[in-house]
Amino acid sequence: MADEMALDLEELRQLHSIAKRPRIVSLISSEISKLEKLSSLSTPQIPTPSPVPNPAKVPSTSSLIYTTLGSFSWDQDSDKLKIYISLEGVDEKKVQSEFKPMSVDIKIHDVQGKNYRCAIPKLNKEIVPGKCKIVVKPTRIIVILPKAAKGNWLDLHYKDDKLKPSAAKDKDPMAGIMDLMKNMYEEGDDEMKKTIAKAWTDARSGKAADPMKF
């Protein structure tokens with residue numbers, strides 16, 4: 001159909017160029033105008049693709065430099081803990097947090113051109129990560145950590161409270177005496193060696209209760 005319109009337009013334009021009478025020229029011009037409109041409507045318009053804006057590049061957190069916030073305060077009740085971080089000008093949208101049952105990691109970006117980090121790699125006891133939250137105030141950040149089990153924490157950080165058995169307690173008391181006798185035997189003169197050998201023989205035969213009694 002588009003080809004037919006093109007041929008009609010071409011012929012009408014030829015007639016328009018040779019027409020003499022004004023009425024005929026007007027009629028031909030009117031028909032040419034109609035066909036041109038129909039032709040433009042029937043021709044599919046290919047939209048010009050709009051340029052795709054380049055997304056703003058967000059720097060990877062692994063490449064950022066952080067200032068460690070090692071000084072903060074905290075308090076607790078039987079259900080939860082609260083950590084108070086003093087820092088002004090914090091944008092809540094630029095605070096990144098990672099809560100795990102035994103750890104907390106808070107990253108604060110773009111505070112007057114600096115990035116800050118407050119991390120506790122191992123807590124004293126377990127928390128509930130899904131219920132943790134951060135509240136940003138004008139001059140500080142409050143980190144709320146619900147406890148996995150009610151109770152009082154002696155410290156925020158983990159401490160190994162298990163008493164390690166004393167090495168001296170577990171060691172055979174006779175081992176020290178045997179080491180002493182061995183050193184005395186190796187470093188002593190012939191008389192000392194005879195005395196130690198006799199004491200050791202007597203101890204093994206049951207004649208002496210204490211091998212150190214010569």
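The values are calculated or read from the model by the stated rules, or taken from the named source; none is laboratory data. It should be emphasised that the depicted structure is a prediction, and the values quoted were computed from it without experimental measurement. When the accessible area is computed, the model is the full protein with side chains, heavy atoms only, and any ligands, DNA or RNA have been set aside. Shrake-Rupley method; radii C 1.70, N 1.55, O 1.52, S 1.80 Å.
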request  = Would you mind working out the accessible area per residue for the range 58-130, using a 1.4 Å probe, and quoting it in Å²?
outcome  = 62
request  = Given a cut-off of 19 Å, name the pairs among Lys80/Lys107; Lys94/Lys147; Lys94/Lys122; Lys94/Lys133; Lys122/Lys159; Lys94/Lys125 whose C-alpha atoms lie farther apart than that in the structure shown.
outcome  = Lys80/Lys107; Lys94/Lys147; Lys94/Lys122; Lys94/Lys125
